[in-house]
Ligand SMILES: C[S@@+](CC[C@H](N)C(=O)[O-])C[C@H]1O[C@@H](n2cnc3c(N)ncnc32)[C@H](O)[C@@H]1O
C-alpha cells in the first residue's frame with residue numbers, strides 16, 4: 001500500500017511524535033513517515049490516513065508507530081576512538097573508583113537500540129573484571145522502542161552487527177549459532193539489564209540516591225530539538241556522580257546546549273576521543289595536577305583492575321582538559337580529512353570555551369559550508385568577521401554564503417571587504433583550508449566577484465551591462 005500525506009496530516013503526525021518522544025521531523029522526512037504510516041495502516045487493516053490518525057488515540061498504537069519511525073542503526077564496538085578510550089582510560093578508572101567506593105558501578109546506555117552498545121560495554125568490563133563476585137555492577141540499556149528492547153533481550157545478532165569485533169572478541173563473548181547468527185554469552189548478559197524508557201517524558205530510570213558513573217547517549221539527540229536536548233542534558237548531569245562521564249555520538253555537541261560538562265580528550269592525535277565529564281571543583285583541581293606515578297608503576301593505559309589484589313591508586317589518572325588550541329588543531333585535521341561534521345563539533349567546543357575567538361567561528365563556518373548548511377554557516381561567519389574584521393578568509397566565505405542565499409548586494413560588500421583585508425596579508429601566504437589558494441590570487445578573485453555581483457545589480461537596475 002502506498003500512502004501520501006497531506007500537509008495537515010504530516011503536521012499532525014509530527015506534533016504527536018514531538019510530544020510523545022521529542023522527535024523532530026523536517027520536510028525531508030515526509031516520504032519516510034508516509035512509508036511508516038502505510039506499514040501501520042496495513043497492520044491495522046485501515047485504508048484512510050484520517051482513520052489511522054484517530055487510531056493514534058490508543059497508546060498501544062502510538063508505541064507501534066514509535067517503533068516504526070525510530071532509527072535503530074547501531075553495531076558492536078561502534079566508534080573506535082571511543083571504544084579505545086573506554087577500554088584504556090574510562091572503565092579502568094571507573095573500576096578503581098568503584099573499588100574504593102563499595103565496589104558498585106552503574107553504567108547507563110540511554111537510547112541503546114537493539115542492545116549492541118550496552119553489551120559491548122559489558123564485554124569490556126568482563127575483560128577487566130573476569131569475576132564480579134562481591135561486586136555490584138550493572139549496565140542498564142534503555143530505549144523508547146519496545147521492538148528494539150525485545151531484540152536486545154534476545155541477545156542474538158547477525159554478522160553485520162559484529163563486523164567490528166575481532167576474531168578473539170567473537171570467540172570470547174559470543175556463541176556462533178548454526179544459522180550464522182551470534183549469541184551473546186551468559187556471563188556478559190548477566191551484567192546487562194534492559195528497560196523500556198522514554199528519555200523525554202520520563203524521569204531518569206535510577207533511584208534518586210543512585211549516582212551513575214557513565215552515561216552513553218550516542219546518536220540519540222540528533223533526532224531531538226535543541227530545547228529537548230537541553231532539558232535532557234540537565235537531567236543527565238544531575239544523575240551523574242562527580243567525575244562521571246558522558247559519551248555523545250560523533251556529530252553531537254553540547255555547544256549552546258549545556259555548560260555543565262567539561263570536554264576532555266582521552267588518547268592523542270587522530271586516535272583521541274573527546275568526551276564530556278561532570279567535573280566538580282575538587283576533581284577538576286586534581287585533574288590538572290601532574291601525574292604522581294613512580295617510574296615502575298604501570299601507566300593508566302597498562303593497568304588492569306584485578307579486584308582481589310588491587311591496591312587502590314592514590315588518585316584517578318588525570319584526564320586532559322582540552323585547550324582551545326588543541327580543539328582548533330583537531331578541527332583543522334578533521335577538515336583536511338573531509339570529516340566536516342566532526343570538524344564543526346571541534347570548532348563548536350572551542351567556541352564554547354573561547355567565545356571571543358574569531359578563529360573558532362570561522363572554522364565552524366567553514367565546516368558548515370562544506371556540509372551544505374549555509375543558513376547555519378551564515379551565523380558563525382558573521383560572528384567571525386564581527387570579532388575580527390580583518391579576517392579576510394571569513395569575509396570570503398561569508399560572501400559566498402550570502403550570494404548562495406540570494407543576497408547579492410551584501411555578498412558584493414563582503415567580497416570587497418575580503419579583497420581589502422586579504423590585500424593586507426603577505427602576498428605569498430596561502431590558506432590550506434581554502435584549497436591552498438594564495439592570498440594574492442584570492443584577493444583578485446574577490447575583487448572580480450565583487451564587480452560581477454555589482455554589475456549584475458546595476459544591470460538589474462538600469463537594464464544594461466556595466467563593465
Ligand atoms: C541510532 S540509535 C542509537 C543507538 C546507540 N546509542 C548507538 O549509538 O549505536 C537511536 C536510538 O534512540 C532511540 N530513541 C529515540 N527517541 C528516544 C526517546 N525519546 N527515548 C529513548 N530512546 C529514544 C531510538 O529508538 C533508537 O533506538
*asked:* Compute the distance from the alpha-carbon center of the range 43-84 to that of the range 20-36, in whole Å.
replied: 10
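What is the Å³ per residue value for the convex hull set by the Cα atoms of the range 7-69? Write out the running numbers ahead of the final one.
Details: hull volume 4.7 nm³, N = 63.
Convex hull volume per residue, Cα atoms: 75 Å³.
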*Compute the separation of the alpha-carbon centres of the range 1-18 and the range 373-450 and state it in Å as a whole number.*
42
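State the extension gain, in nm to one decimal, for the chain segment bounded by residue 441 and residue 177, taking 0.36 nm per residue of separation less the distance between their alpha-carbons.
Numbers: separation 264, 0.36 × 264 = 95.04 nm, distance 6.31 nm.
Once the chain is fully extended between residue 441 and residue 177, it gains 88.7 nm.
So for the chain, averaging the separation of alpha carbon pairs under 8 Å that are six or more residues apart and normalising by length, what relative contact order in percent results?
On the way: 704 pairs, mean separation 47.9, N = 467.
Computed value for the chain: 10 percent relative contact order.
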_Beta bridge orientation in the range 104-199: antiparallel %, DSSP, nearest 5_ = 30
*Sort out for me the Cα centre separation of the range 245-281 from the range 102-127, rounded to whole Å.*
19
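Restricting to bridges with both residues inside the chain, how much of the DSSP beta-bridge set is antiparallel, in percent to the nearest 5?
Roughly 45 percent of the beta bridges in the chain run antiparallel, per DSSP.
Normalising by the residue count of the range 1-137, find the relative contact order in percent from Cα pairs under 8 Å and 6+ residues apart.
Numbers: 85 pairs, mean separation 27.8, N = 137.
Averaging sequence separation for qualifying contacts and normalising by length gives 20 percent for the range 1-137.
Readers should treat all values here as calculations from the given coordinates under stated rules, not as data from a laboratory. None of the values given here were measured: they were computed from a predicted structure.
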